[in-house]
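Enquirer: Pasting a structure here, questions to come.
The values are calculated or read from the model by the stated rules, or taken from the named source; none is laboratory data. Since we're looking at a predicted model, the values are computed, not measured. No Cβ is skipped: glycine too gets one built from the backbone with ideal geometry, and neighbour counts run over all protein chains shown. For the accessible areas, the whole protein counts, side chains as well, though only heavy atoms, and no ligand, DNA or RNA atoms are used. Shrake-Rupley method; radii C 1.70, N 1.55, O 1.52, S 1.80 Å.
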Amino acid sequence: VISSAVELASQLVKIDTVNPPGQEAIAARLIADRLTGLGAAIELHELSPGRESLIARYSGNGGKPALCLSGHLDTVPIGVAKWSRNPHCGDIEDDRLWGRGSTDMKGGIAAMVVAFERLCRRGGDQPVLLALTASEETGCQGALSIAAKMGPVGALVIGEPTNEDLAIAHKGVVWLRLKSLGRAAHGSKPELGDNAIERMIVALTATRKLDFKVDAHPMLGRPSSNIGTIAGGAATNIVPDMCEATIDIRLVPGLDVTAVMSEIKHIVGSDVEIAHILALNAVQSRADHPWIASVNADAQRICGAHPTPTSASFFTDASVLVPALGYPPTAIIGPGNPALAHQVDEWCSVSAIDRAADLYEQIGLKWNLSPKCQKQIEEVR
Ligand SMILES: [Zn+2]
């Protein structure tokens, strides 16, 4: 017998939301239709034509900050390597759901939708919010576009694949594009030109001296910087008039995105242009926070999670949502092995999807039933 959550996960895998172009509206509307009639207010927010994020609010009678369950509707591309199955097959065999997005993160989304449905039917008196975003994979644009519309949020669950272990931290990321301009000349007379690649070499070498001035983070280690791409020059015998490079910087909590970007601008100087492609904050919640401890206990009991909270190796919508929502405690936990995300022949454990639905429901029930936990959350914040 296939559960409601697994059936929905399979339906979602069959919908192509590869980003780009995304086309998340098809998945968002399928879920919106499904949630109609449960007493939840449903909003679709357009990012661009064909791309929509969904917010569903079950407000209860409490008028308190909501518990927010959140995930992204888009997936990464299929890739060039050959799959052994159609990437959008959504086949369920034994304990496996196959296809792009099964792990990252349509399994988690389906579990959240089903948990939200159950919570609506139970009719508790604390608000629960379901926020499903477009365009997370290319830099959390959907989350950015809906963050201000979500209203007060007291705690956030991100259903990304963590093998059902609780992650409470991940790195932030800054991607920069550097561009240097020069003047072309014949390669036999370089003194007549201005070499854009040489300018770039000086700038990139300077970035290697970037000192982040932070201690190693106990979970995430050191911040890092990597020169990812470089391109420039038209032919061996021409002085290049243009060069472009990109840098991938990973930040730990305590480092501010804006401060790091301005430090790099300072180091590199005015010889090259700098534009940011992506800038997302690091995320961290306290392991001893009462709500985090409560989620961790439920995750161990329901999912067999590791007792010690861990960190995620990827970034999530939490980078955008956590600061926008005023730093609510944030639990990143969901079905699926993160090592299978973005891979050929992606699959997700079907029983893990069911356990995650039970876990999210349980987190919602506790949100409803524990005024003490609520009070502690407010005090800690
Ligand atoms: Zn993801």
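Enquirer: Among the residues of the stretch 259-292, count how many are touching a residue at least 12 places away in the same chain (Cβ under 8 Å) and either in contact with a His (Cβ under 9 Å, 6 or more places away or on another chain) or polar (S, T, N, Q) (or both).
Expert: Number of matching residues: 6.
Enquirer: Of these, Gly50, Gly39, which one is open to solvent by 50 Å² or more (accessible area, probe 1.4 Å) and small (Gly, Ala, Ser)?
Expert: Gly39
Enquirer: Looking only at the stretch 79-134, count every residue that is among the polar types (S, T, N, Q) and within 16 Å of the ligand (Cβ to nearest atom) and tell me the total.
Expert: 3
Enquirer: How about the stretch 10-40: which of its residues are more than 30 Å from Pro87 (Cα to Cα) and in contact with a Ser or Thr (Cβ under 7 Å, 6 or more places away or on another chain)?
Expert: Scanning the stretch 10-40 gives no hits.
Enquirer: Would you call Pro240 out of contact with any Leu (no Cβ under 9 Å at 6 or more places or on another chain), buried (at least 22 other Cβ atoms within 10 Å of the Cβ) and modelled with pLDDT of 95 or more?
Expert: So Pro240 passes the test.
Enquirer: Right, another one. Out of everything in the stretch 177-201 that is of a type outside the set (Gly, Ala, Ser) and exposed (fewer than 14 other Cβ atoms within 10 Å of the Cβ), what residue ends up being nearest to the ligand (Cβ to nearest atom)?
Expert: Here the answer is Arg183.
Enquirer: Tell me which residues, restricted to the stretch 53-99, are hydroxyl-bearing (Ser, Thr, Tyr) and open to solvent by 40 Å² or more (accessible area, probe 1.4 Å).
Expert: Ser59, Ser84
Enquirer: Being open to solvent by 10 Å² or more (accessible area, probe 1.4 Å), assigned to a loop (DSSP other than H, G, I, E, B) and within 16 Å of the ligand (Cβ to nearest atom) is the filter here, so list the residues in the stretch 309-335 that pass it.
Expert: Of everything in the stretch 309-335, those that are open to solvent by 10 Å² or more (accessible area, probe 1.4 Å), assigned to a loop (DSSP other than H, G, I, E, B) and within 16 Å of the ligand (Cβ to nearest atom) turn out to be Ser313, Phe314, Phe315.
Enquirer: If I filter the stretch 262-308 down to residues being polar (S, T, N, Q) and under 30 Å from Val202 (Cα atoms), which single residue comes out as surrounded by the fewest Cβ atoms within 10 Å (Cβ to Cβ)?
Expert: The selected residue is Ser270.
Enquirer: Which pairs have Cβ atoms under 9 Å, sit 6 or more apart or on different chains, and link a residue in the stretch 211-225 that is free of Cβ contacts under 8 Å to residues at least 12 places away in the same chain to one that is outside any loop (DSSP other than H, G, I, E, B) and charged (D, E, K, R)?
Expert: Short answer, once both residue conditions are applied: Asp211/Glu263.
Enquirer: Continuing with the same structure: Failed condition for Glu93, given (1) within 23 Å of Val1 (Cβ to Cβ); (2) touching a residue at least 24 places away in the same chain (Cβ under 8 Å), with all others met?
Expert: If we test Glu93 against (1) within 23 Å of Val1 (Cβ to Cβ); (2) touching a residue at least 24 places away in the same chain (Cβ under 8 Å), just (2) comes out false.
Enquirer: Do you know which residues across the stretch 336-366 are surrounded by fewer than 23 Cβ atoms within 10 Å (Cβ to Cβ), assigned to a loop (DSSP other than H, G, I, E, B) and within 14 Å of the ligand (Cβ to nearest atom)?
Expert: Asn337, Ala341, His342, Gln343, listed by residue number.
Enquirer: When you go through Ala235, Ala279, Ala259 one by one, which is the residue that is within 21 Å of the chain's Cα centre (by Cα) and aliphatic (A, V, I, L, M)?
Expert: Just a single option satisfies the conditions, and that option is Ala279.
Enquirer: With respect to Ile267, is the statement that it is out of contact with any strand residue (DSSP E or B) (no Cβ under 8 Å at 6 or more places or on another chain), among the β-branched types (Val, Ile, Thr) and within 30 Å of Met242 (Cα to Cα) true?
Expert: yes
Enquirer: Would you confirm, using the coordinates I've provided, whether Ala245 is within 16 Å of the ligand (Cβ to nearest atom), open to solvent by less than 10 Å² (accessible area, probe 1.4 Å) and assigned to a strand (DSSP E or B)?
Expert: Criteria not met by Ala245.
Enquirer: Determine whether Asp256 is touching a Leu at 6+ places or on another chain (Cβ under 7 Å) and of a type in the set (D, E, K, R).
Expert: no
Enquirer: Then there's this: Do the conditions hold for Thr138, that is, is it within 13 Å of the ligand (Cβ to nearest atom), within 17 Å of Leu35 (Cβ to Cβ) and polar (S, T, N, Q)?
Expert: Considered against the rule, which asks whether it is within 13 Å of the ligand (Cβ to nearest atom), within 17 Å of Leu35 (Cβ to Cβ) and polar (S, T, N, Q), Thr138 comes out as no.
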